[in-house]
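Trainee: One structure, pasted below without further comment.
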Amino acid sequence: MGAPEKTTTSNNNSMQRVKVYRLNDDGKWDDQGTGHVTIDYLERSEDLGLFVIDEEDNETLLVHRISSDDIYRKQEDTIISWRDSEYSSDLALSFQETTGCSYIWDHICNVQRNLHFNTLSNETYHGANSELRELPEVELSTLPSILKVVVDSSITDQLCVTELILHDQKFFRKLMDLFRVCEDLENYDGLHIIYKIVRGIILLNSPQIFEKIFSDELIMDIVGCLEYDPDVPHVHHRNFLKEHVVFKEAIPIKDPLALSKIHQTYRISYLKDVVLPRVLDEATFASLNSIIHSNNGMVVTLLKDDSTFIKELFTRLKSPSTAPDSKTNLVYFLQEFCNLSKSLQMVQQLRLFRDLVNEGIFDVIADIFQSQDKKLILTGTDILMLFVSQDPTLLRSYVSRQEGVSLIGLLVKGMLKDFGDDMHCQFLEIIRSLLDTYSPAGQRDAIVDIFYERHLDQLLDVITSSCPPYGAAQAVHRSTSSNGSFGNQTSAKPEILLNIYDLLCFCVLQHPYKIKSNFLLSGVIEKVLSLTCRREKYLVVAVIRFVRTLISLKDEQLMNHIAKNNLFKPIIDVFVGNGSRYNLLNSAVLELFEYIRKENLKILLRYLVETYWEQLVQFDSLPSIQSLKVRYEQAMEQATNQTGPYPLNARRRVDERALEKEEEDYFNEDSDEEDSTSASMPRTTRVRAQPSLSNGSAASLSSPSPRPGGLVDYEDDDDDDEDYKPPPRNKPEKSEDDEGTLEFRLKRKLSASKQEPDLVKKQRLGGKNPKSKESVFATLCSTLSQAVLPSKKTPNATNSHNPQDIDKGPDEKNDKDKGDTNLNEEREADKGGITVAINGS
């Protein structure tokens, strides 16, 4: 079954290069050959089919009738497979280009759609209503009938009209001849009807019709037909396309197919954007964009596969003898070529960019950056941005090498250059991409070192030259000229300064250790804060944002550096100077204070409140300022509780609490009886109350061994002296106050640490004994009398012998004496306001 003759004479542009595969009985794909595929009518049939013609001997490799059944599958954008019922086997077409695969797939879908609507029959093409069998003959008298068929048909009839137009190979040729006749005769009625017919045919949105009307033979006549819109004045589109549109070839393109697609793409874009923007619907608009995208991909593919073309392009770009105008055109062409590469698949884009890098495109861009043409420099940045968005490792690999070091300096210089209204942030984005921590370690370290060693100071010099020192702020506001210069200093544009601050904030987050060493050693923070003198409030906010980013590192050395050098002074001054105005500056400073409070940065808390509270107190009504002061007080109270005015170790605190109960029992006795019975006082075991720990739980004693500074217990004292009757002891009545004594003591400890030691001791004594003030006063007097006149009591305690001491050995007596001595020493030290625990060793 051979292909029809019209297949061999069809337009070669519609044929796509494919490989034909057939699935054998073993489940493997057999290669049937390589050829070109197209869709055309089968021989002696009105059905459409797929034809594959061998590229070498023009033999037919495949003929397949397109079926309305859902048997076709598209795989990986380059393969179309199906099961052929006639041959009972699976077939597949593997396309060389994705554009060809998409083109054939769209045709298959359109044919299936037509078959579903029953637009084809065994008779001459007629619609589902069996009324429309053929188009009227193309004549001046039949133009209204043709217009009615094209415009007023239903959706089903529109599909039928599409097939009728495609079936009549002479329809467009006759219609264009009639248009030229009407134009020569100035028959505007006929021209208006032809305009509506052409517009209706375009709105049929058929890829096959687009392929015909956008061909080189018909495109200019189609544009001429669309000039005669009855609703708008006559516009000479053909004259513009022929005389004013100039096709510039930076490098001569020798491939005729590439040239044809370039011209066709421009004309379709002109129709879409200039001639028919009012009348196109969304579906037709999308179809035209799809054709443009497909053509762009085909042009790039044809040019990149031509090795001589690419080599000649870069040879001219690198040649010093190339004229400036010619070189500018070459750069613009290179930019357009890289932009069109977006139409390629991702893998093909990566392959193309690697080929361009091997040809030396980065060396060409470095040379472009040294030009004085600002527009040319921005064109170079556009090319770099394409590489950064596609594969940034290519640029990083080049910059990390010795020959690419200068490119970083050129990028920094470009970021600081004033481009007027064409100023963009491409330089900033490219530098960010190079300094990004996600890049490979070797490349990243080399690029970061180069930037910090050679170019960071350059950015800081621009900041300092754009603003005088902070002390001259008031003079600056009075003497700043209209062009932003300060005296003899040249000020950078605010947009440039804002980009510098954005880059510094990025560096703080990405390279904290590098930033720390540079900022502390070079005084970078002081230079950055000098910009608070500028009148542009958004620049002052940028400074505050930088400081906020810096303290987010929570580095104590940086915070100490800020506090030591009083670096918050410019920020506080602009905040106070802003007054009660609620604006972005006010919010930025309050957010900075709020962050310091929430993160409890104690160094900055203390520095702010202790240094600037007199200035901030006027904003005490703001919640952020109030919270800042409260957090500062909490931090100071916590620090006092932890350290105290006199740091005590845990052992001394336990001994102090243990002695308090002894002192209460001691002072509860009658002071008169105390002096008279001190010599005959029994050696009765005194049981101490368990000392309370800081968490309120009782501390248990793990062994009966004597505590330092306490009395020694003797178990057999009561057995030896049963006849001895000690003087009665006054026991205080148990009250509700006693039950809360422990809890009250713990609470009072927190507040007592802030007071003088003597006052603290007095409060303890008053809180422990729930007696009247007179009893407390008497107790203190008794204590003071013992401290001032120790000789009155010392002899009694030394010379008097307790009956219980008779039966004790010398060692036990020594232990007893040591315990009493320790107790007296602690009491005497207590009277000075400080409890001292002395070991009994």
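Trainee: Can ASN560 be described as among the polar types (S, T, N, Q) and at pLDDT below 90? Break it down stepwise before answering.
Mentor: On the way: among the polar types (S, T, N, Q): yes; at pLDDT below 90: no.
No: the conditions fail for ASN560.
Trainee: Looking only at residues in segment 292-312 that are more than 36 Å from the chain's Cα centre (by Cα) and of a type in the set (Val, Ile, Thr), which one is modelled with the highest pLDDT?
Mentor: Step by step, filter segment 292-312, then rank; the result is VAL299.
Trainee: Then there's this: Mind checking which residues of segment 41-79 are among the hydrophobic types (A, V, I, L, M, F, W, C), closer than 13 Å to LYS19 by Cα and touching a helix residue (DSSP H, G or I) at 6+ places or on another chain (Cβ under 6 Å)?
Mentor: PHE51
Trainee: How many residues does segment 558-577 contain that are crowded, with 16+ Cβ neighbours inside 10 Å, assigned to a helix (DSSP H, G or I) and not aromatic (Phe, Trp, Tyr)?
Mentor: Number of matching residues: 10.
Trainee: List the helices (runs of 4 or more DSSP H) inside segment 511-557, counting only whole elements, that have at least 3 residues being in contact with a helix residue (DSSP H, G or I) (Cβ under 8 Å, 6 or more places away or on another chain) and at pLDDT 90 or above.
Mentor: 537-551
Trainee: Surrounded by 14 or more Cβ atoms within 10 Å (Cβ to Cβ), at pLDDT 90 or above and within 24 Å of SER102 (Cα to Cα): is that true of ASN289 in this structure?
Mentor: It is false that ASN289 is surrounded by 14 or more Cβ atoms within 10 Å (Cβ to Cβ), at pLDDT 90 or above and within 24 Å of SER102 (Cα to Cα).
Trainee: Now for a different question. Could you check how many residues of segment 274-286 are closer than 24 Å to TYR103 by Cβ and without any contact (Cβ under 8 Å) to a residue 60 or more places away in the chain?
Mentor: So the answer is 3.
Trainee: Being in a helix (DSSP H, G or I), acidic (Asp, Glu) and under 28 Å from the mean Cα position of the chain (by Cα) narrows it down to one residue among ASP363, ASP382, ASP367, ASP325; which is it?
Mentor: ASP382
The values are calculated or read from the model by the stated rules, or taken from the named source; none is laboratory data. Note that the coordinates shown come from a computational prediction; the quantities given were computed from them, not determined experimentally. Virtual Cβ from ideal backbone geometry, glycine too; neighbours counted across all protein chains shown.
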